[in-house]
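Structure, as structure tokens:
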Amino acid sequence: MDKKICIVTGANAGIGKQAACQIAKEGYHVIMACRNKERGKTALDEIKKANPSSSIELQIVDLGLRESVVNFVKEFNSKYERLDVLVHNAAIFNVTQKVRKETAEGIETLWATNHLGPVLMTQLLQKNLEKSDNGRIITIASKGLLAKPRLKVNLDDPEFLSNRFNVVNAYYQSKLAQIIYTLWLSQNFKDTNITANCIRVTAVKIDISRHPDLSAFMKWVYSIKAKNSISPEDMAKIYTDLAVSSKYNNISGKYFDEHSDMVTMPKYCIDKDNIKAVMELTKKYIPEIGEV
């Protein structure tokens, strides 16, 4: 394929959908990597209807399942050799979740989906990214980490097997791990054509209808929060900028906010010992990532 190729995970709604649409408008061929086939097909149809000339397709993947990620990459490789941009947008975070849940493969769902899945997918697609003139990996964290300055990745119990489960801590733990992974990637790919950067997502307006389990109080909280939140379209602009702009050709290991400004990473994440420890933990789940 002559067009540059981009994968956007979690592209069936919200920021991911808008990013897929915007990147396709830039002339890229976009693969929408979605867990739910029905929602993914609906989003694909809506994007094509709005932009009939878009080069875009749907592939199904559940990032929480190793088997699903492996099958996704096999399907991708059956069509394409090269990958230019990999956007790890997909994540799960249901504030109504009160108890710990496991995937069908026996791993805590947030740790599996938000951290391990992106790591495995990146590793399996590394050779494809190496074939790009300027392969780009984009990971996603959250501005909400500013409210959790003492949070760390629990190296002994990242899956809350012993500690009491807390969905907020589980989510932000996975986002700390993704920042650390971004720095690790930038160091490991420093002598290659591949860059890795992370986006700090701010408060974004959400579609309340997609969360029917929210209590009346939480719906009220989100309605108040929405007044100071940006739209998914606006948040997706930095995704698109990092994916397509030539000004980022040699930028790696950086953290960007919704205005495309570089911001400071949490001190915990930039500590070399912490990076080594978190990646050694990750390697226990994903031996393919090699030496850390």
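Listed here are the residues, each with its yes/no results for (1) under 20 Å from the mean Cα position of the chain (by Cα); (2) not acidic (Asp, Glu).
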{"site": "Ile251", "(1), (2)": "yes, yes"}
{"site": "Tyr255", "(1), (2)": "yes, yes"}
{"site": "His259", "(1), (2)": "yes, yes"}
{"site": "Met262", "(1), (2)": "yes, yes"}
{"site": "Asp271", "(1), (2)": "no, no"}
{"site": "Ala277", "(1), (2)": "no, yes"}
{"site": "Thr282", "(1), (2)": "yes, yes"}
{"site": "Glu288", "(1), (2)": "yes, no"}
{"site": "Val292", "(1), (2)": "no, yes"}
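If I ask for residues that are of a type in the set (Ser, Thr, Tyr) and assigned to a helix (DSSP H, G or I), which ones from segment 42-56 would you list? Thr42, the sole residue that qualifies. When the criteria are applied in full, Asp45 fails the requirement of being surrounded by fewer than 24 Cβ atoms within 10 Å (Cβ to Cβ) and modelled with pLDDT under 95. Selection of segment 104-120 for residues being in contact (Cβ under 8 Å) with a residue 40 or more places away in the chain and in a loop (DSSP other than H, G, I, E, B) yields Glu105, Ile107. Residues in segment 1-30 that are among the charged types (D, E, K, R) and either within 14 Å of Val85 (Cα to Cα) or buried (at least 24 other Cβ atoms within 10 Å of the Cβ) (or both): Lys3, Lys4, Lys17, Glu26.
Would you call Ile60 among the hydrophobic types (A, V, I, L, M, F, W, C), closer than 28 Å to Ser252 by Cα and in contact (Cβ under 8 Å) with a residue 12 or more places away in the chain? Answer is no for this residue.
Comparison of Ala170, Ala226 shows that the only residue that is modelled with pLDDT of 95 or more and closer than 27 Å to Gly40 by Cβ is Ala170.
Going by the structure shown, is Leu110 farther than 20 Å from Phe189 by Cβ, crowded, with 23+ Cβ neighbours inside 10 Å, modelled with pLDDT of 95 or more and not β-branched (Val, Ile, Thr)? Against the criterion (farther than 20 Å from Phe189 by Cβ, crowded, with 23+ Cβ neighbours inside 10 Å, modelled with pLDDT of 95 or more and not β-branched (Val, Ile, Thr)), Leu110 qualifies. Residues in segment 247-292 that are among the aliphatic types (A, V, I, L, M) and within 24 Å of Ala203 (Cβ to Cβ) were compared, and the one that is surrounded by the fewest Cβ atoms within 10 Å (Cβ to Cβ) is Met262.
Considering Asn128, Asn197, the condition of being assigned to a helix (DSSP H, G or I) and either free of Cβ contacts under 8 Å to residues at least 12 places away in the same chain or in contact with a strand residue (DSSP E or B) (Cβ under 9 Å, 6 or more places away or on another chain) (or both) is satisfied by Asn128 alone. Annotation note: of Arg82, Arg100, the sole residue that is basic (Lys, Arg), within 18 Å of Ile137 (Cα to Cα), part of a loop (DSSP other than H, G, I, E, B) and at pLDDT 95 or above is Arg82. The residue list Lys98, Lys143, Lys175, Lys148 contains one member that is under 26 Å from Ser229 (Cβ atoms), within 19 Å of the chain's Cα centre (by Cα) and surrounded by fewer than 24 Cβ atoms within 10 Å (Cβ to Cβ), which is Lys143.
Take the residues of segment 7-34 that are outside any helix (DSSP H, G or I) and more than 13 Å from the chain's Cα centre (by Cα): which is nearest to Ser245 (Cα to Cα)? By that ranking, first place goes to Glu26.
Among the residues of segment 231-277, those that are aliphatic (A, V, I, L, M), more than 25 Å from Lys3 (Cβ to Cβ) and not in a helix (DSSP H, G or I) comprise Met262, Val263, Met265.
The values are calculated or read from the model by the stated rules, or taken from the named source; none is laboratory data. For clarity, every value in this text was computed on a predicted model and none was experimentally measured. Ideal geometry is used to build each Cβ from the backbone, glycine not excepted, and the neighbour counts take in all protein chains shown.
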